[in-house]
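The structure appears right after this line, and notes come after that.
The values are calculated or read from the model by the stated rules, or taken from the named source; none is laboratory data. Since we're looking at a predicted model, the values are computed, not measured. Positions of Cβ are generated from backbone atoms using ideal geometry, with glycine treated the same way; all protein chains shown enter the neighbour counts.
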């Protein structure tokens with residue numbers, strides 16, 4: 001990415017560092033020379049929190065950089081009142097933190113509503129309360145809340161960055177509780193320097209293909225490659241809004257630094273999103289398989305693939321005019337999936353769809369060889 005960030009020293013508090021997006025953000029924050037990073041990690045003790053962060057490093061690096069010295073872990077839990085922080089750890093955060101990126105979430109689509117609410121709806125408010133206490137100390141520059149574009153739920157038609165409650169229903173408790181989380185954050189934030197970012201479907205790196213998780217588009221594509229999806233219940237003209245992890249992570253870091261920006265930003269493919277027909281053609285060409293039959297309902301769809309199929313042709317058209325206005329001048333825009341499809345699926349195959357560990361560092365080295 002061509003954007004050069006300002007060399008301002010910050011202490012960034014990051015949640016969700018053990019998840020896909022969070023670990024990518026952590027890696028990019030580590031690559032910045034000026035930032036100290038504190039991660040709230042769900043764990044019962046400091047040693048356990050450090051151990052979980054150590055496991056993340058094993059996914060990121062073969063040779064660990066010296067800059068890891070600028071990263072520390074604090075045990076906590078966004079699903080618990082007070083974030084499960086000890087008084088000492090809370091005081092340390094209040095004294096040191098200057099910016100927050102909150103991307104911890106329960107991303108399972110089938111969690112019971114009350115369970116998902118504690119992390120996705122109430123957790124963001126707990127983080128806002130912490131942000132307000134930091135602001136009262138006079139040194140909060142930014143709070144980035146990572147939501148999802150699928151707060152659009154079952155809305156039909158354009159869903160703009162300024163939109164939230166349009167009377168839409170939801171497909172699952174993930175969408176419903178992330179929607180409620182945004183509502184709660186908006187009500188609680190007041191004059192805090194808040195930006196809400198809404199990514200769509202996030203896949204591997206557009207240059208290296210690297211990803212530590214293989215869900216959403218990966219499940220049905222893997223099933224198709226194995227001949228398990230001769231029938232696919234999708235509309236060929238339906239749109240699959242897919243973005244790469246490098247675009248989302250770089251955009252979030254840009255929004256972290258653009259601390260005069262407020263409001264909501266869609267990190268989506270938008271007008272450049274691919275149709276299901278185009279995705280099928282890419283998959284057929286890559287795997288050398290004939291096109292599947294497109295039907296209204298397929299009894300033979302694998303269970304895991306069926307969970308994600310509703311996202312291949314949602315009813316809402318995700319608008320990202322504001323994102324392009326803010327991030328385009330910085331050289332940040334989503335790449336077309338057709339331009340990196342072979343990289344992400346090639347990586348998926350080379351890593352045996354996640355069964356063979358390949359670090360982010362090794363994937364980058366292989367891509368540049």
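Among the listed residues 360, 352, identify the single one that is exposed (fewer than 13 other Cβ atoms within 10 Å of the Cβ), within 20 Å of residue 203 (Cα to Cα) and out of contact with any strand residue (DSSP E or B) (no Cβ under 7 Å at 6 or more places or on another chain). Even if it seems obvious, please write down each step before you answer.
Details: 360 fails: exposed (fewer than 13 other Cβ atoms within 10 Å of the Cβ).
The conditions single out 352.
Of the residues 12, 56, 74, the single one that is without any contact (Cβ under 8 Å) to a residue 60 or more places away in the chain, part of a strand (DSSP E or B) and surrounded by 17 or more Cβ atoms within 10 Å (Cβ to Cβ) is 74. Taken over segment 88-106, the criterion of being surrounded by 18 or more Cβ atoms within 10 Å (Cβ to Cβ) and not in a strand (DSSP E or B) is satisfied by 89, 93, 97, 98, 103, 104, 105, 106.
Looking for whichever is within 19 Å of residue 74 (Cβ to Cβ) and either more than 19 Å from the chain's Cα centre (by Cα) or crowded, with 19+ Cβ neighbours inside 10 Å (or both) here; the options are 113, 85. Which one fits?
On the way: 113 fails: within 19 Å of residue 74 (Cβ to Cβ).
The match here is 85.
Checking each residue in segment 262-293 for being at pLDDT below 95, touching a strand residue (DSSP E or B) at 6+ places or on another chain (Cβ under 8 Å) and surrounded by fewer than 16 Cβ atoms within 10 Å (Cβ to Cβ) picks out only 293.
Only one entry in 369, 365 is modelled with pLDDT under 90 and either loosely packed, with under 14 Cβ neighbours inside 10 Å or over 23 Å from the mean Cα position of the chain (by Cα) (or both), namely 369.
The residue of segment 350-369 that is farthest from residue 28 (Cα to Cα), among those that are in contact with a helix residue (DSSP H, G or I) (Cβ under 8 Å, 6 or more places away or on another chain) and not in a loop (DSSP other than H, G, I, E, B), is 367.
When the helices (runs of 4 or more DSSP H) confined to segment 145-257 are screened for residues that are surrounded by fewer than 23 Cβ atoms within 10 Å (Cβ to Cβ) and at pLDDT 95 or above, those reaching at least 1 such residues are found at 173-189, 245-257.
Given the structure, is residue 292 in contact with a helix residue (DSSP H, G or I) (Cβ under 9 Å, 6 or more places away or on another chain) and over 18 Å from residue 216 (Cα atoms)?
On the way: in contact with a helix residue (DSSP H, G or I) (Cβ under 9 Å, 6 or more places away or on another chain): yes; over 18 Å from residue 216 (Cα atoms): yes.
It is true that residue 292 is in contact with a helix residue (DSSP H, G or I) (Cβ under 9 Å, 6 or more places away or on another chain) and over 18 Å from residue 216 (Cα atoms).
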